[in-house]
Amino acid sequence: MRSLFLSRLTAIWLLLALVTIGSWVVGHGPGLVDHRLAGVVALVIAMVKVRFVILDFMEIRHAPLWLRLAGEVWCAGLAIGLTTLFLIG
Amino acid sequence: MSGAVRPDTTRAGFAGHVPGEAGIWLFIAGDMVLFSVLFAVFLTHRAEAPDLFGAGRAALDPRLGLVNTLLMLTSSWFVATGVAAARRRRPRIPAACFAAALACGAGFAGVKYLEYSAKFTAGLTPMTDDFFMFYFVYTGIHMIHVVIGMGVLYGLIAYLRGRDIAVVNLQHLETGASFWHLVDLLWIVLFALLYLVA
Amino acid sequence: MEQRTVDGAVAKAFVYSGVALVASLLVSQGWLMGFIPPPSPALSPEALAAIFIERKMGIRLGTLIQCICYTFWLTWGMSITFYMRRMERGVPVLTYASIANIGGGYVFFLLMPITWAALAFRPEQIDPAMLQVLNDLVWFIFILSWPPFALFMIFIALAIFRDHNVPTVFPRWVAFFNLWCAVLIVPAGLIEFFKTGPFAYDGLISFWFIYIVFFGWILVMSAVTLRAIATDRKMNAVPSRAAPHLTGQASPT
């Protein structure tokens, strides 16, 4: 039981929860003064979280190369695309 | 291929293993395409009216968004842990984990209900402006996914009931779990776009 | 056990009728009528009436083609249902439901060109406000009628999931593809609420995305059904009795 819950999954869950609260503070609390920087930080943090969910919760980290590549490319593409759209706006 | 007999592993998955049925990845990829388009459309419209989107974002309750994100993450963790437990043939724990995830999903729906009703009371509807159109439509489409996902989780619990873990087809569990993680990750991006960035 | 062989030649013709449906959409609605994308729902009644007056010959020709080719929804839908019948055991509930569904579905398809044809019949004499309402109605008939079509996709997915043949008649990914399409056309319901933007009936999501998904779905399902027909022919070419999977028994291989 202990080994089941004291796992890598739990560590990742804790990390993601802390990062979520952190990015919330950046967006709403005292955080960053520069809105554009704050926006980019929030987007990049979101995509890093998404990557963890894909790799570890969806278990793509050890999947065959095609599946892992598809996941990574989607994450990177969306991160670049959303940040670009945000910045030119 | 049968997922019933697998080496015991504490790690998430192992080399060369496609989690769940291959077909679910087609569904997940397709949904990611749809949401990528939705995200891009949102940012394009935001670029045309940054002030309106800024004001819209300010009218949202960020605490509810935060609570919902934590609920989604936690439910995803429960689901992943449930699959790991099933892989180690732990009786009862998988079903309990999925039930806990289901409860998180219900909590998410409850928070959304509070949020929607507060907006309607304040006179904010999808017709108010572009920001609230996107807010209601996107969170609504996501909510449909949450409801389908809760049905899937319930299906997994029913599937585990009365079956020994040794004969449970782990592939079915992975297929359902992958869908729930999709619901989680789409919300992570929506949360950033609607509550933090706009 | 009774054999459930499908006449390959008829089935093939039925499949290609669906491909003709998609082609006719591009020719008629796109080229002849110029309604891809649709005129904006935010357009004034007079501007819309002017479009109908100017394009009335194109609209008449286009709707005539549509009346013929949209009927193929029936034949195309049945080409899939033949194979659903083979997937099911006992009382073929999903097959029956699909037949009823398809029979209703082509009514929606035909109502579109018929209404447009009526509008292009004497557009100069119609009150523009009324013309606008009836033109809205055409798009509503087409896009708001998504639920029965989504239901057909779910029926197909269920039939594949419960298929008892080995190997299955359709590959299992087809089931997930159908579920995905069923989820994707849900935003169609939003056209009721918006006159501009991505969810209006000329918008990026409610028009482009849903049209591409729906008609793309027809093409993908056509390809899948053609493959099932080809597999049948190979099986029937084997001299030893009927192919085992045709009679519903597990294949020895």
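I need the per residue convex hull volume for chain C, using only the alpha carbons, in cubic angstrom as a whole number.
On the way: hull volume 28.0 nm³, N = 253.
Cα convex hull per residue, to the nearest whole number: 111 Å³.
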Rough spin-label spacing in nm, given labels placed 7 Å along Cα→Cβ, for A:Thr10 and C:Trp31: 6.6 nm
Sorted largest first, extent of the protein assembly as shown alpha carbons per principal axis (Å): 74, 72, 37
Expressed as an acute angle from 0 to 90° and rounded to the nearest 10, what is the orientation of the C-alpha long axis of helix C:210-237 relative to the principal long axis of chain C? 30 degrees
Could you pull out every one of the lysines with an alpha carbon less than 19 Å from that of C:Lys234, ignoring same-chain neighbours closer than 8 positions? C:Lys12
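Suppose every Lys and Arg Cβ carries +1 and every Asp and Glu Cβ carries -1, with no other charges. What dipole size does chain C come out with about its Cα centre, to the nearest 20 debye?
Details: 16 positive and 12 negative charges, 200 e Å.
Using only the charged Cβ atoms, the result is roughly 960 debye.
List the relative contact order of chain C as a percent without decimals, with contacts defined as Cα pairs under 8 Å and 6+ residues apart.
On the way: 329 pairs, mean separation 62.5, N = 253.
It comes to 25 percent, rounded to a whole number.
Inside 10 Å of the C-beta atoms of C:207-214, what's the mean count of C-beta atoms belonging to other chains?
Details: counts 0, 1, 5, 0, 0, 0, 2, 0.
Rounded to a whole number, the mean comes out at 1.
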Any lysines whose Cα falls less than 17 Å from that of C:Lys56, other than same-chain ones fewer than 8 residues away, would be none
Over what distance in Å are the Cα centres of the range C:77-92 and the range A:61-89 separated? 40 Å
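Classify chain A: rounded, prolate or oblate, from the alpha-carbon gyration tensor (a ≥ b ≥ c, eigenvalue square roots; a/c under 1.5 rounded; otherwise prolate if a/b is larger than b/c)? All intermediate terms of the calculation are to be shown ahead of the outcome.
Details: a/c = 5.67, a/b = 1.33, b/c = 4.27.
Oblate is the answer for chain A, as a/c is 1.5 or above yet b/c matches or exceeds a/b.
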Directionally averaged projected area (convex hull, Cα atoms, the range B:22-197), nm²: 10.0 nm²
Using label points projected 7 Å from each Cα along Cα→Cβ, tell me how many nm separate B:Asn169 and C:Arg227, to one decimal. 2.0 nm
FRET efficiency for C:Asn236 and C:Arg89 from the Cβ-Cβ distance with R0 = 22 Å, rounded to 0.05, comes out at 0.50
Straight-line reach from A:Lys49: which aspartates and glutamates have Cα under 13 Å away, leaving out those fewer than 8 places along the same chain? A:Glu72, B:Asp184
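Taking the Cα centre of the range A:2-88 as origin and charging only Cβ (+1 Lys, Arg; -1 Asp, Glu), how large is the dipole, in debye to the nearest 20? Show your work: numbers first, answer last.
Values: 7 positive and 4 negative charges, 38 e Å.
In debye, rounded to 20, the range A:2-88 gives about 180.
Scanning chain C for trypsin sites (Lys or Arg not before Pro) in DSSP loops with at most 12 other Cβ atoms within 10 Å, what's the longest stretch left with none?
Working: sites that count: C:Arg89, C:Arg241.
Free of exposed loop sites, the longest segment is C:90-240.
Please order A:Ile80, B:Ile141 by the number of other Cβ within 10 Å, starting at the fewest. Could the numbers behind the result be given before it?
On the way: A:Ile80 11, B:Ile141 21.
Result, fewest neighbours first: A:Ile80, B:Ile141.
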If r is the Cβ-Cβ distance from C:Ile212 to A:Val44 and R0 is 30 Å, what FRET efficiency results, to the nearest 0.05? 0.45
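Considering every residue in C:180-189, what mean count of other chain Cβ atoms within 10 Å of its Cβ is obtained? Spell out each step's value before the answer.
Values: counts 10, 2, 0, 8, 5, 0, 3, 7, 0, 1.
The mean count of partner-chain Cβ atoms within 10 Å per residue comes to 4.
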Could you tell me the extents of the range C:110-229's C-alpha atoms along the three principal axes, largest first, rounded to whole Å? 62, 29, 18
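Give me B:Ser76, B:Ser117 ranked fewest to most by other Cβ atoms within 10 Å of their Cβ, as a rough exposure proxy.
Working: B:Ser76 29, B:Ser117 10.
Placing the least packed residue first, the sequence is B:Ser117, B:Ser76.
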Note: probe point = Cα of C:Ile99 + 7 Å toward Cβ; backbone nitrogen < 17 Å; residues of the range C:5-20 passing the test are C:5-7, C:11
Given a Förster radius of 45 Å and the C-beta distance between A:Leu37 and C:Leu151 as r, what FRET efficiency does 1/(1 + (r/R0)^6) yield to the nearest 0.05? 0.40
Treat the count of other C-beta atoms within 10 Å as a stand-in for reagent exposure and order C:Val220, A:Val53 from fewest to most. C:Val220, A:Val53
To the nearest 10 degrees, the tilt of helix B:93-121 (Cα long axis) against the first principal axis of the alpha carbons of chain B is 10 degrees
Measuring from the longest principal axis of the C-alpha atoms of chain B, the long axis of helix B:170-191 (C-alpha) lies at a number of degrees, nearest 10, equal to 20 degrees
Using the crude model of +1 on Lys and Arg Cβ and -1 on Asp and Glu Cβ, and no other charge, please compute the dipole size for the protein assembly as shown relative to its Cα centre, in debye to 20. 1920 debye
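The numbers here are math on the coordinates, done by the rules we state, and not lab data. Everything quoted here is computed from the prediction, not taken from an experiment. Heads up, the Cβs are rebuilt from the backbone with ideal geometry, glycines too, and the neighbour counts pull from every protein chain shown.
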